[in-house]
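Working notes, structure below.
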Amino acid sequence: MTSGDPASPDVLVMQPMARTGQPVVKVAAMPASAARDALDGEAGVLMTDDPAALEYARTLSGYVDVPLEWNRTYVLLAPGRDKPVLGDLRLESLREAVHGDARPAEWSGPGRFWFTDLQACGIPAERDTLGTAGRRRRIVYNQSDRSTADLAARLVGLGALDRGAVAGGVPATAFESSLRAGSDAAYVVQVRRRVYDVCRAALELPPWISGATIEPLLDIRSHAVVRRGLPRMTLDWDGTLRLAPP
Amino acid sequence: MTFRARLLLGFGAVVLVPLTVFGLRIRAVMADRLTAEYQQRVSALVRVIRADLDQRSGGIALRLAALRDAIAQDNRFRSAVLQGGERTYLLDYAGDAMRLAGLSLLQIQDETGRIVSSGHFRNEYDQSDPALPRLLAAAPAGTALVEARGAEAPFLALARVDSLRLGPGGRRFTLVGGIAVDSTFLARLTPDSELSVAVRLPPDTASGTDPATQVVNAVAVPFVTAGDSARLVPARIVVSHSLASLVALRRGVAVSFFVAVLVTGLIALLLASWLSTRISRPLTALAAKTADVDMDRLDVAFDSDRSDEIGALSHLLAAMTERLRAGAARLREAERRLAMGDLARQVNHDIKNGLIPIRNVFRHLGQAAGESPDRLAAAFRDRQATVESSISYLENLASNYARLYPQPARESCDVNAVVRETISRVSNTGQAELRLELADGLAPARTDALVLRRILDNLIGNAVDSLAARAGRITVSTGVNREGGVRITVADTGTGMTKEELNRAFDDFYTTKPGGTGLGLSIVRRLVLDANGALRVETEPGTGSTFIVELPGEGA
């Protein structure tokens, strides 16, 4: 499993009970730059977004690249609804802005994206007291997520929020507080594409979400690079990979 | 203004004015020299920056040429731009190439000005900016400052343009490359902390510099403005040298100069004070001695062993005093002779006045004895009063003349006691109020108590007479005079004296009173002088007179 955080060498070791004949499973999180090393080290399954690693995996006959479910959606959140954020920008070029496997955000099920209709959760529509003039003309993103950085830069390149707006990356903790305060003009945020309990998931969104402009941008998915000969695996409804019992 | 003050001012001016002029001139010369040196340093740095910009521009050109060749050889790039393949490779190409080439800005545009790959801002692809390469190509020396867009913030870069052709149709692609002109870039140009380099972009190319605090020079650099109406305008790389060190130096010099002026001024003041004291002290002493010279006091000594002008002046004053003393003696002798003559005539006249009635009585008695002796007794009785009156007149006259030349004693005299005793004997003062103001603890005078009593008798009598039976006040006071002697003052609020009356007041036999002898004040004057004292009168017609008698103290 690769992550964008290079300082995450955590390894989870799952040891089977004695005399069951089950293999030992190690789950390790490592930086994206080490993904190819994992493949050369004969890892069983590599879950990654890194295009270089995926390209490398395709050259290895012992591995199969399995695209997973579109499980994440990047959205642009802008406090207030009084001014169009994107206008008539051509968003189809956004897919090229990110380095992972992406597509324009789309909703394949009935209705709309779950986060665009939170009325039923009883979240009140807060009045926007800060106003457009009180916010910095920045599109803010979480520095630890490269795709949000790429999307924010592309939106700036396209001229979102008028010419002169800039992208601003902030550390994860500062991003959370900034997002809750809604003190910047717009935020690029990653949300789960599907949720079981909409209202519970809505608690993870900023408090001003009911009065915000929400623009779905891209859907992102990861790939599982699976070594040939492994036991069967299944995908849950939300894209979670599960090892099936033999 | 005193001589001493003039000397002090003159000394101060002689010392301080040249020092001040010297200090101000030093400051001005120092400021001019340093400012000129700063201007030279700024000009030298401007030349260095021009050369550096040329060198960097050449470096950018070389790197763009290398990239141009690399792109021409890169099949994946060729496939991506001509056949639409490997879009991600194309978008990432400029970023990788920019980093490898050591540039801060790299943009690849197609022939329409569409950005096909951007190194400094990857996600500005497909945007159109045809003006940038066109304006860069038109810039002098092919180099200009540009404000490049960035995702996080725009930045300033020194940029050039190059181009290549790809494909069978010879599609033209332009490469815009450059290096960031940021604080690091400017800091490398600045050799020390007193010199600063800043970029001034239009429209404020002239602002931000104060000639009063900085020495300024600038390098003109073309600048491509951002936005839809991009154009080539002049910008300036401004080199300024702070004058803070000069200001600090001038302040230091000013402080040092001020201290120097203060110390020098103080020394000059002390020196002038010492010198002026040395010069003015004998003059002051001479002036004080000269002030003491009076016709009644000509015993002032002007002795001096100095051989300079002051010594000469002392000798001259001593000679003058000696001549005055001799003249005063002659004058007194003449006065005495005159007074004696007047006295002799007066005595002759007065005695005759007293003898004529007696002679007449004796003629009458002789005539009676010859003609009718029996009536001699009756005639004598008739004329006895006349004889007695004349005798009394003559006795009185003799008594008065006898008072002209008493023989005073020189002894310790309690002045306050004599004043009180004299006042107690004054019985008839008419409507005059007699007031005493006697000094406590008055030291005794060296004089004859009888003489003093006569002086007081005369002065108080005169004061009573001056009131002319009108209401008024006579004040007798005692005190200590400047020389430590005793001062007795008899002041009245009577008629006072005119100047003419005052001039003759001390003459013998001069009187303005009916029946007066005219000897009172004359006697007083002689008695005071015989006692080695002094007599002064302050008088004003209609206001009154004040007689001031000063007698020597016991230690004199």
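Structure above, values below:
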{"item": "Some residue of the range B:178-186 being part of a helix (DSSP H, G or I), touching a strand residue (DSSP E or B) at 6+ places or on another chain (Cβ under 9 Å) and either more than 30 Å from B:F77 (Cα to Cα) or outside the structural domain of B:A137 (by TED's automatic domain parsing) (or both)", "result": "yes"}
{"item": "Among the residues listed as A:A174, A:A201, A:A160, the single one being on the phi < 0 side of the Ramachandran plot and within 14 Å of chain B (Cβ to nearest Cβ)", "result": "A:A160"}
{"item": "Qualifying position, being in the same structural domain as B:G169 (by TED's automatic domain parsing), among the basic types (K, R) and closer than 18 Å to A:G157 by Cβ, among B:R76, B:R56, B:R87, B:R99", "result": "B:R87"}
{"item": "Those residues of the range A:213-239 which are closer than 23 Å to A:W114 by Cα and either at pLDDT 75 or above or in contact with a Ser or Thr (Cβ under 7 Å, 6 or more places away or on another chain) (or both), in sequence order", "result": "A:T213, A:I214, A:E215, A:P216, A:L217, A:L218, A:D219, A:I220, A:R221, A:S222, A:L235, A:D236"}
{"item": "Residue match in the range B:66-81 (condition: touching a residue at least 60 places away in the same chain (Cβ under 8 Å) and either under 24 Å from B:V181 (Cα atoms) or in a loop (DSSP other than H, G, I, E, B) (or both))", "result": "yes"}
{"item": "Leading residue by the ranking (nearest to the chain's Cα centre (by Cα)) among those in the range B:286-295 that are exposed (fewer than 15 other Cβ atoms within 10 Å of the Cβ) and modelled with pLDDT under 85", "result": "B:D292"}
{"item": "Matching residues in the range B:53-91 - criterion: being hydroxyl-bearing (S, T, Y) and more than 14 Å from chain A (Cβ to nearest Cβ)", "result": "B:S57, B:S79"}
{"item": "Qualifying residue in the range B:1-8 (condition: over 30 Å from B:R278 (Cβ atoms) and surrounded by 15 or more Cβ atoms within 10 Å (Cβ to Cβ))", "result": "no"}
{"item": "Hey, B:L106 within 24 Å of B:V221 (Cβ to Cβ) and part of a helix (DSSP H, G or I) or not", "result": "no"}
{"item": "Within the range B:296-312, tally of residues that are surrounded by 11 or more Cβ atoms within 10 Å (Cβ to Cβ), in contact (Cβ under 8 Å) with a residue 12 or more places away in the chain and either more than 30 Å from B:L551 (Cα to Cα) or small (G, A, S) (or both)", "result": "3"}
{"item": "Flag for B:G167 being within 29 Å of B:G95 (Cβ to Cβ) and modelled with pLDDT of 85 or more", "result": "no"}
{"item": "Test: residue in the range A:44-60 that is free of Cβ contacts under 8 Å to residues at least 12 places away in the same chain and among the small types (G, A, S)", "result": "no"}
{"item": "Some residue of the range B:202-213 being buried (at least 17 other Cβ atoms within 10 Å of the Cβ) and at pLDDT 90 or above", "result": "no"}
{"item": "Candidate set: the range A:133-154, residues that are of a type in the set (D, E, K, R) and not in a helix (DSSP H, G or I); chosen: the one modelled with the lowest pLDDT", "result": "A:R135"}
{"item": "Residue satisfying all of: in the range A:87-101; of a type in the set (A, V, I, L, M, F, W, C) and part of a helix (DSSP H, G or I); nearest to B:G95 (Cα to Cα) among these", "result": "A:L94"}
{"item": "Residue within the range B:225-239 that is of a type in the set (D, E, K, R), crowded, with 16+ Cβ neighbours inside 10 Å, more than 14 Å from chain A (Cβ to nearest Cβ) and more than 23 Å from B:L64 (Cβ to Cβ) present", "result": "yes"}
{"item": "Exclusive hit being buried (at least 16 other Cβ atoms within 10 Å of the Cβ), more than 60 Å from the chain's Cα centre (by Cα) and either away from chain A (no Cβ under 14 Å) or not hydroxyl-bearing (S, T, Y) (or both), set B:A137, B:A153, B:A94", "result": "B:A94"}
{"item": "Every residue from the range B:97-118 that is buried (at least 16 other Cβ atoms within 10 Å of the Cβ) and away from chain A (no Cβ under 13 Å)", "result": "B:A97, B:M98, B:A101, B:L103, B:S104, B:L105, B:L106, B:I108, B:Q109, B:D110"}
{"item": "Condition broken by B:Y89, with the remaining ones in (1) touching a Lys or Arg at 6+ places or on another chain (Cβ under 7 Å); (2) in a loop (DSSP other than H, G, I, E, B); (3) surrounded by fewer than 16 Cβ atoms within 10 Å (Cβ to Cβ) satisfied", "result": "(2)"}
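The values are calculated or read from the model by the stated rules, or taken from the named source; none is laboratory data. Everything quoted here is computed from the prediction, not taken from an experiment. Positions of Cβ are backbone-derived with ideal geometry, glycine not excepted, and every protein chain shown enters the neighbour counts.
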